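S.K.: Here's a structure for you.
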Amino acid sequence: MQATSEQIMSLIKLQHTDLTIAHIERQVDALPQKQALAALKEKQAAIQRKQRALIGGRKDLELNLESLLEEEKDLAKKQDEAQQRINASSSDYKEVSSNSEALSTYAEDLEALRERISSTETQILEVSSLEPQVEAMLARLVEQEKNLVASYREEGGKLLAKAASLKEEREALSDAIGEQIMAHYSRIAKAKQGVALAHLNEGACNTCRTSFDQSRVLSLRMDYPLSFCPHCGRLMVIDKRYAG
C-alpha cells in the first residue's frame with residue numbers, strides 16, 4: 001500500500017496515542033470514587049424508598065385517625081342523646097331500660113374506639129420520630145456525595161484533561177494519515193480491541209507473533225511501506241530495511 005514516510009510516522013504515533021487514551025479511560029473508570037459514588041447512589045435510593053414508605057404510612061395512619069375521631073364524635077353524640085332520652089323519660093321504665101342498654105353499648109364501643117385511637121396516635125408518633133432520622137441519613141449521604149464528586153473531579157479531571165489533549169493530537173494525526181488509510185485503521189482497531197498496527201520483524205508479525213515463510217516475506221516486502229498481516233489482518237508497517 002502506498003504511503004509517505006510522514007503517513008507512516010503519523011500512523012505509529014496514532015496507535016500509541018489511541019492506546020494511551022484507552023489506558024487513561026480505563027484509569028478513570030477504575031477510580032475508587034466512581035465505584036464509591038455508584039454504591040452511594042444505591043444506598044440513597046434504598047433510603048429514599050424507606051422515606052417514601054414512612055411518609056406514605058404516616059399519611060395513611062393520619063387518615064385512619066381522622067376517620068376514628070369522626071367515629072368517636074358520632075358515638076359521643078349518640079351517647080349524649082341516649083342520656084338525654086333517659087333524663088326525659090325517667091318515669092317510663094321501658095324507655096329508660098332501652099336507652100340504658102344503648103348507653104352501655106355506646107360506652108363499650110367508645111372505650112374500644114379510644115383504644116384504637118390511642119394505638120393509632122402512638123404509631124403516628126413512632127413513624128414521625130423516624131422521619132427526621134431518615135432525613136439526617138440522607139443529608140449525610142448528600143455530604144459524602146459532594147466530597148466524593150469533588151475528589152473524583154480533581155483526580156479524574158486531570159486524567160480527562162490529558163485524554164482531551166491527546167484527542168486533539170489524534171485529530172491532527174488523522175488528518176496527516178489521510179482518509180483511505182484511516183478507514184482501514186479504524187475498521188481494524190474496532191475489530192482488534194484498539195490494536196490496528198503491526199510491524200514486520202524478523203520475518204514475523206510483532207503483534208500476533210505469526211512467522212512467515214520466505215515467499216510470504218518477499219510478498220510483504222513488495223508492499224513496502226505498508227501492507228496487511230496475512231494472519232491477523234492488521235495494518236503492517238514494513239521497515240525500510242525490508243523494502244523490496
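S.K.: With a probe of 1.4 Å, find how much accessible area the chain has per residue, and write the answer as a whole number in Å².
M.R.: I get 64 Å² per residue for this part.
S.K.: Do the alpha carbons of any pairs in 59/146; 158/192; 167/192; 34/192; 13/34; 50/73 sit beyond 24 Å of each other, and which pairs?
M.R.: 59/146; 158/192; 34/192; 13/34; 50/73
S.K.: Counting only Cα atoms, I'd like the Rg/Rh figure for the range 30-180, Kirkwood definition for Rh.
M.R.: 1.54
S.K.: By a straight-distance test (C-alpha under 15 Å), which aspartates and glutamates pair with residue 190 as possible cross-link partners, with residues fewer than eight away in the same chain excluded?
M.R.: 18
S.K.: Can you give me the relative contact order of the range 52-180 as a percent, contacts being Cα pairs under 8 Å and 6 or more apart?
M.R.: 30 percent
S.K.: With all protein chains present and a 1.4 Å probe, how do 173, 110, 19 order by accessible area, largest first?
M.R.: 19, 173, 110
S.K.: How much net charge surrounds residue 128 when only other residues with a Cβ under 12 Å from its Cβ are counted (Lys, Arg +1; Asp, Glu -1)?
M.R.: Computed value for this residue: -3.
S.K.: Right, something else. What is the magnitude of the charge dipole of the chain about its Cα centre, with +1 placed on the Cβ of each Lys and Arg, -1 on the Cβ of each Asp and Glu, and no other charges, expressed in debye to the nearest 20?
M.R.: Here the chain has a charge dipole of around 2380 debye.
S.K.: Any idea what the relative contact order of the range 183-225 is, in percent, if you count C-alpha pairs under 8 Å spaced at least 6 apart?
M.R.: Relative contact order of the range 183-225: 19 percent.
S.K.: Let me ask another. So for the chain, taking the charge dipole from beta-carbon charges (+1 Lys/Arg, -1 Asp/Glu), which of 9, 182, 224 sits furthest toward the positive end?
M.R.: Most positive-ward Cα: 224.
S.K.: For the range 45-93, take the alpha-carbon Rg, divide it by the Kirkwood Rh, and send me Rg/Rh.
M.R.: Over the Cα atoms of the range 45-93, Rg/Rh equals 1.51.
S.K.: Per residue, what volume in Å³ does the Cα convex hull of the range 58-128 take up?
M.R.: Value for the range 58-128: 57 Å³ per residue.
S.K.: Relative contact order for the chain using alpha-carbon pairs under 8 Å, separation at least 6, rounded to a whole percent?
M.R.: Normalised by residue count, the contact order of the chain is 29 percent.
S.K.: Between residue 193 and residue 222, how many nm apart are label points set 7 Å from Cα along the C-beta direction?
M.R.: Between residue 193 and residue 222, the label points sit 3.4 nm apart.
S.K.: On to the next question. For residue 225, what is the net charge nearby, where nearby means another residue's Cβ is under 9 Å from its Cβ and Lys, Arg count +1, Asp, Glu -1?
M.R.: Here the charged neighbours net out to -1.
S.K.: Could you tell me the center-to-center distance, by alpha carbons, between the range 77-118 and the range 35-71 in angstrom?
M.R.: 41 Å
S.K.: Right, next: Using a Förster radius of 45 Å, what is the FRET efficiency between residue 77 and residue 43 based on their Cβ-Cβ separation? Nearest 0.05, please.
M.R.: Working from the Cβ atoms, E equals 0.30.
S.K.: Sticking with this structure for a sec: Tell me, what is the FRET efficiency for residue 13 and residue 143 to the nearest 0.05, using R0 = 51 angstrom and their Cβ-Cβ distance as r?
M.R.: Step by step, r from the Cβ atoms, then E = 0.70.
S.K.: To check you understand DSSP bridge types, tell me what percent of the beta bridges within the chain (both residues inside) are antiparallel, rounded to 5.
M.R.: The answer is about 65 percent antiparallel.
The values are calculated or read from the model by the stated rules, or taken from the named source; none is laboratory data. Note that this is a predicted model, so its numbers are computed, not measured. Positions of Cβ are generated from backbone atoms using ideal geometry, with glycine treated the same way; all protein chains shown enter the neighbour counts. To get the accessible areas, we keep the full protein, side chains included, count just its heavy atoms, and leave off ligands, DNA and RNA. Shrake-Rupley method; radii C 1.70, N 1.55, O 1.52, S 1.80 Å.
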